[in-house]
Amino acid sequence: MMTMKCPKCNAESKLSFVGNSYEGPRRCWSCHELFTMVIRNNLLISCEPLSQEEFEKQQSVKALQDKFKNQ
Ligand SMILES: [Zn+2]
């Protein structure tokens, strides 16, 4: 788990993930901006703005991946 700062509004939020890496879409709770994030070894590698359409696409891909992981 790590604390993320929104690149747009600087609002802090807690991000929990398994292991020490994460890759996927995020929505800022404060400004509702959409991002795709890559975290490796608890370090933020990239944080790119996303369109609503891309966000939904990535979310469904991620949901599918998580489903497979749990089986
Ligand atoms: Zn924000």
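Each reported figure results from applying straightforward, stated rules to the coordinates on display, with no laboratory input. This one's a predicted model, so the numbers in the text were calculated from it and none came from an experiment. In this analysis, Cβ positions are derived from the backbone assuming ideal geometry, glycine residues included, and neighbour counts consider all displayed protein chains.
Give me the one-decimal nm value for the distance between modelled label points at Ala11 and Asp66, 7 Å along each residue's Cα-to-Cβ direction.
Taking the two extended label points, one gets 2.0 nm.
Rank the residues Leu44, Leu50 as a footprinting-exposure proxy: fewest other Cβ atoms within 10 Å of their Cβ go first.
Ordered from fewest to most neighbouring Cβ atoms within 10 Å, Leu44, Leu50 come out as Leu44, Leu50.
Using +1 at the C-beta of Lys and Arg and -1 at the C-beta of Asp and Glu, which of Asn42, Met4, Ser30 has the Cα lying farthest in the positive direction of the dipole of segment 2-69?
Asn42
Report the charge-dipole magnitude of the chain in Debye, nearest 20, computed about the Cα centre from +1 at each Lys and Arg Cβ and -1 at each Asp and Glu Cβ.
220 debye
Positive end of the charge dipole of segment 2-69 (Lys, Arg +1 and Asp, Glu -1 on Cβ, about the Cα centre): tell me which of Asn20, Gln52, Ala63 has its Cα farthest that way.
Asn20
Grab the eigenvalues of the alpha-carbon gyration tensor for the chain, scale each by 5, take roots, and send me the semi-axes largest first in whole angstrom.
That gives 20, 16, 10 Å for the three semi-axes.
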